[in-house]
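Below is one structure, written out as structure tokens, with a few remarks after it.
The values are calculated or read from the model by the stated rules, or taken from the named source; none is laboratory data. Values in this document were obtained by computation on a predicted structure and should not be read as measured data. Because the Cβ atoms are built from the backbone with ideal geometry, glycine has one as well, and the counts that use them run over all protein chains shown.
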Amino acid sequence: MRHFIGIHDLGFARANKILARALEMKQNKYRSRLLEGKVIALIFEKASTRTRVSFDVGVRQLGGSTILLTPAESQLGRAEPLRDTARVLSRYCDGLVVRTFGQAKLEELMAFGSIPVINALTDEGHPCQVLSDLLTIYERTPDFSKLRVSWIGDGHNMARSWMEAAIYYPFELFMACPKGYEPDSAYVDACGKAGARIFLCNDPRLGIAGAHYVNTDVWASMGQEEEQLERVKAFKDFCVDEELMALARPDAKFLHCLPAHRGEEVSEAVFESENSLVFDEAENRLHMQKALMEWVFSGD
């Protein structure tokens, strides 16, 4: 039985193959009966548009069906231990796709359940999104070894998954985060020791200089709304606008996992520019997650 919690689950060999497989699925409008007769539970403790729809559609295109569980509609929001939920769902369903807060919840579902678990987002990582972003890059520049990717903004879960990705894919990762919002230093060091080429600074102008791809995200993620005003002050120089993008390569592409707050982390002009790939990224969630589910459920 396989789980997908982070890119490390793929290992070096499969990390390289998964991009090619996802692109093949996209090009061929791939459908299969791999999940025929199987039911995948979508456990969503955080609201979602792209993650929910792309996984739902992906399961159906692989021949399966889904059931959505939210705290408002199940015992997830009540006092029942998660370990009990894991054991019960393992007797009804064939897999769990989980979008939640703490990573420990995924670990408990894996420890007490007996079906595959896929990480659809936690506070510690968003590997499905970052792999979809890498698919978007791979379509255009499959040789990552000469690429510089910039992360501009919070050192949160997306940033952590980008750092993990830099272990398995040979691009340079330049990260510019406001003081006090950098990723955990121990995690940065661990990724570096594992082979990632990560360069961390507090100046967005340095972080974006010479980048082939520029990536950002909202300044306050779900659960951080009460920090919005404080974060606006801390991130005021980190808006990816035309002036900042001009410091990247002339043909640099813009990435954003969505939803975007135009006028905060990105300007309207950059978001809507011909170099913006945000909707290609959104589409690629479907294809990448199908490739990941094929790997999880086929044993291939």
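Any chance the range 191-213 includes a residue that's without any contact (Cβ under 8 Å) to a residue 12 or more places away in the chain and under 20 Å from H126 (Cβ atoms)?
No, the range 191-213 contains no residue that is without any contact (Cβ under 8 Å) to a residue 12 or more places away in the chain and under 20 Å from H126 (Cβ atoms).
Can you name the residue in the range 91-139 that is over 22 Å from Y168 (Cα atoms) and of a type in the set (S, T, Y) and is also farthest from the chain's Cα centre (by Cα) among such residues?
Among those residues, the one meeting the criterion is Y92.
Right, E107: farther than 19 Å from S298 by Cβ, modelled with pLDDT under 95 and among the acidic types (D, E) or not?
no
I'd like the full set of residues that are charged (D, E, K, R), more than 20 Å from the chain's Cα centre (by Cα) and assigned to a loop (DSSP other than H, G, I, E, B), limited to the range 233-265.
Those that are charged (D, E, K, R), more than 20 Å from the chain's Cα centre (by Cα) and assigned to a loop (DSSP other than H, G, I, E, B): K236, D237, D241, R249, D251, E264.
Within the range 89-102, does at least one residue satisfy the condition of being exposed (fewer than 14 other Cβ atoms within 10 Å of the Cβ) and either within 19 Å of F4 (Cα to Cα) or among the polar types (S, T, N, Q) (or both)?
Scanning the range 89-102, I find at least one residue that is exposed (fewer than 14 other Cβ atoms within 10 Å of the Cβ) and either within 19 Å of F4 (Cα to Cα) or among the polar types (S, T, N, Q) (or both), so the answer is yes.
Return the total of residues in the range 18-31 being surrounded by fewer than 15 Cβ atoms within 10 Å (Cβ to Cβ) and either among the hydrophobic types (A, V, I, L, M, F, W, C) or on the phi < 0 side of the Ramachandran plot (or both).
The total comes to 5.
One residue is enough: does the range 158-170 have a residue meeting the conditions in contact with an Asp or Glu (Cβ under 8 Å, 6 or more places away or on another chain), under 22 Å from A15 (Cβ atoms) and touching a residue at least 60 places away in the same chain (Cβ under 8 Å)?
yes
Among the candidates T66, T51, which residue alone is on the phi < 0 side of the Ramachandran plot and assigned to a strand (DSSP E or B)?
The match here is T66.
Being surrounded by fewer than 16 Cβ atoms within 10 Å (Cβ to Cβ) and assigned to a helix (DSSP H, G or I) is the filter here; which residues of the range 150-186 pass it?
Of everything in the range 150-186, those that are surrounded by fewer than 16 Cβ atoms within 10 Å (Cβ to Cβ) and assigned to a helix (DSSP H, G or I) turn out to be S185, A186.
Among the residues of the range 233-250, is there at least one that is under 30 Å from I40 (Cβ atoms), crowded, with 21+ Cβ neighbours inside 10 Å, of a type outside the set (D, E, K, R) and in contact with a helix residue (DSSP H, G or I) (Cβ under 7 Å, 6 or more places away or on another chain)?
The answer is no, given that none of the residues of the range 233-250 is under 30 Å from I40 (Cβ atoms), crowded, with 21+ Cβ neighbours inside 10 Å, of a type outside the set (D, E, K, R) and in contact with a helix residue (DSSP H, G or I) (Cβ under 7 Å, 6 or more places away or on another chain).
How many residues, within the range 226-261, are without any contact (Cβ under 8 Å) to a residue 12 or more places away in the chain, of a type outside the set (D, E) and either closer than 18 Å to G210 by Cβ or outside the structural domain of Y181 (by TED's automatic domain parsing) (or both)?
Adding up the residues that qualify gives 2.
Any residue at all in the range 78-90 that's among the aliphatic types (A, V, I, L, M), farther than 28 Å from I167 by Cβ and within 18 Å of the chain's Cα centre (by Cα)?
No, the range 78-90 contains no residue that is among the aliphatic types (A, V, I, L, M), farther than 28 Å from I167 by Cβ and within 18 Å of the chain's Cα centre (by Cα).
Just a yes or no: is a residue in the range 73-88 touching a residue at least 60 places away in the same chain (Cβ under 8 Å) and surrounded by 14 or more Cβ atoms within 10 Å (Cβ to Cβ)?
For the range 73-88, residues touching a residue at least 60 places away in the same chain (Cβ under 8 Å) and surrounded by 14 or more Cβ atoms within 10 Å (Cβ to Cβ): absent.
Can you name the residue in the range 103-132 that is over 14 Å from E45 (Cα atoms) and charged (D, E, K, R) and, of all such residues, is surrounded by the most Cβ atoms within 10 Å (Cβ to Cβ)?
E124
Return yes when L96 is closer than 27 Å to V188 by Cα and either in a loop (DSSP other than H, G, I, E, B) or not aromatic (F, W, Y) (or both) and no when it is not.
No, not satisfied.
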